[in-house]
Structure formats: structure tokens, C-alpha cells
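The values are calculated or read from the model by the stated rules, or taken from the named source; none is laboratory data. Owing to the predicted nature of the structure, the values given are computational and were not obtained by experimental measurement. Glycine also receives a Cβ, built like all others from the backbone with ideal geometry; neighbour counts cover every protein chain displayed. Note: accessible area is taken over every heavy atom of the protein model, side chains too, but ligands, DNA and RNA are not part of it. Shrake-Rupley method; radii C 1.70, N 1.55, O 1.52, S 1.80 Å.
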Amino acid sequence: MSLLDRPGPAPRPPSRAHRLVTLVPRTEWAYRPRLAATAFVIVTQVFLYVLLWRALYRESGGEVVGLDVDQAITYSVLATLMGTGRVIMEGASQETAQSKIRDGSVVFWFVRPLSARRYCAWRGLGESLYATVWLLVGLAVGVACGLVALPPSPAAASVTVLAYGLGQVVFYQIGLLVDLTSFWTITSFGVNRLVAFAQLLLSGGLIPLWFFPEGFRAVAGHLPFAATINVPVSLYTGRITVADCWPYLAEGALWCGVLAVLSRVMWRRAARRLLVLGG
């Protein structure tokens, strides 16, 4: 038999890693009360924000720090959809390092054909897409109810989408870094609580950063948290104009790169730290 007649290596089966994208939606659908709970939390928070802003602007009148009442309500509705909904759904699949380390199944992350880093990246993509579906549904309902104004121009809508994509990457990287601390701590519960509070406050998810003092705003505006909510929502409402958006987008892209490098380093250290006993 000639070399040309010899059978070649068996073809590799097609990768099914993309199925991990549906992990979170399928988990949520399996536990349908979570859908109702998430919707209830979001609707309640939006309702309270609407009452708050209308009461405040009724007393002050006009604009406050460059925002009128419609922009303030639009900001809070979108910030709630981007922030609160994302935090509620984050880790909904229970595929977190903390839970896996607790029951010992974390070893499977490192023996699968798909690397642990890529496994979590595919799962994170699914979480982001699922959160985006909630955002789009909430946006449509908000516009229909007159609570959310449309962006000032198609260009503003385009840069908002770009900023939102960068913010989702930052969101994922921050959550991943927090989750990976489980390899060095007994539990990451305390770190999770601390970062969740920082995320809510410094991203503008609780109160728009424009309402804070200048010094606080100057610091918070350059932290990665601001890229997740403050920048995309400010672009949507017109608080940041299209002409002035590029430094904000560049800073968001820079944070994506920095956090990606940090997470890669932590993945390598975590793999070296993992010790499996038995056979």
C-alpha cells in the first residue's frame, strides 16, 4: 500500500462548545419561578425610580446637572435593566468556581477537551446574550409605556450599542476575577458582596454619576465599573454626545484588555494551585 493509499487520521468531531451559550437560558427555563422573580424585582425598582425622579423634579423644576426628568427616568430604567437584571442572573447556571470547588467537581474544568477558560467564556457569552434579551424586552416595554425616550439620533444609538458591548465584556471579566478568588479563599462570598456594592455604586447603577461631587465623579468615571452602565446609558440619553464619546469608548476597550490579561494570569495560577487526590 502506498503512502497515498493509507487512511489519514480520523476526523475530529465538530466542537459543540457553542451549546454552552444556551446553558443559562435553559437553566432559567427549567426553574421558571426565577423568571417571575427577576421581572418582579426589575419592575418594582423601576416603579420606585419613576416615583422618586418625578417627586424630585416636581420640587426643583427644569434640569438638574444637565438632565431633565425624562432623561433621568430613562437613565434609571436602562441602568436597572443593565445592572440589576445582570447581577440577578449572573451565575444562574450555578457553574461557578466557588460551587465547583465546594463539591470537588472543579477538576472536570481542567480535564475536558475544552479549556476551563474557554468553557467559562462561552458560558459568560450566554449570560450576556440572555441579559441582553431582558434589556431589549424591557426597553420595548419602557418605550411603549412612555417611560423610556428614544436616543437623540441613529448615531447615538450606534455608539450606545458599541459601548454596551464593551461594558458586557468588562462585566464578565470583573465577575470572572471575583469568581477565581475562590481558589485562594475558603469562600468568595465576602468578595462578591464587596464587588457587587462597588459595581452598583461606581457604575451609576444606583444613582447617575453626574449627581455625585466632582472629585468622586472624576475617580469613578475612570474605573472599569463606569464602562458597564454609566457610559452606554449616558450615550443613549445624550448626556455624552457622539462627538465626545471616543475617549470613553477607548477607555472601555482598554479596561477590556487589562482585565483580560489579569484573568488569564489568574487562570494559570489557579490551575497550578489545584490539587486533586485519588484516581
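Here are a few things to note about the model shown:
- The charge dipole of segment 104-257, taken about its Cα centre with unit charges on the Cβ of Lys, Arg, Asp and Glu (plus for the first two, minus for the last two), comes to roughly 360 debye.
- Label-point gap, in nm, between Leu150 and Phe197 - each point 7 angstrom along Cα→Cβ: 4.3
- Fully extending the segment from Val65 to Leu52, taken as 0.36 nm per residue of separation minus the present Cα-Cα distance, adds 3.0 nm.
- Among Gly167, Gly124, Gly257: highest mean-square fluctuation, GNM of the chain, C-alpha pairs under 10 Å: Gly257
- Figure legend: label point modelled 7 angstrom from the Cα of Phe110 along Cα→Cβ; residues of segment 253-274 with amide N under 12 Å from it are 267-274.
- Area accessible to solvent at Trp29, 1.4 Å probe radius, in Å²: 150
- A 1.4 Å probe over all protein chains sorts Thr132, Thr228 by accessible area into Thr132, Thr228, starting with the largest.
- Amide H contacts under 5 Å for Val148: Val143, restricted to partners 5 or more places along the chain or on a different chain, H placed in the peptide plane at 1.01 Å from N.
- The label-point distance for Val261 and Arg19, in a model that sets each label 7 Å from Cα toward Cβ, rounds to 3.7 nm.
- Top positive-direction residue, dipole computed over segment 55-188 with Cβ charges, set Ala72, Thr96, Ala156: Thr96
- The chain: most fluctuating residue of Pro224, Pro151, Pro33 per GNM, C-alpha cutoff 10 Å: Pro33
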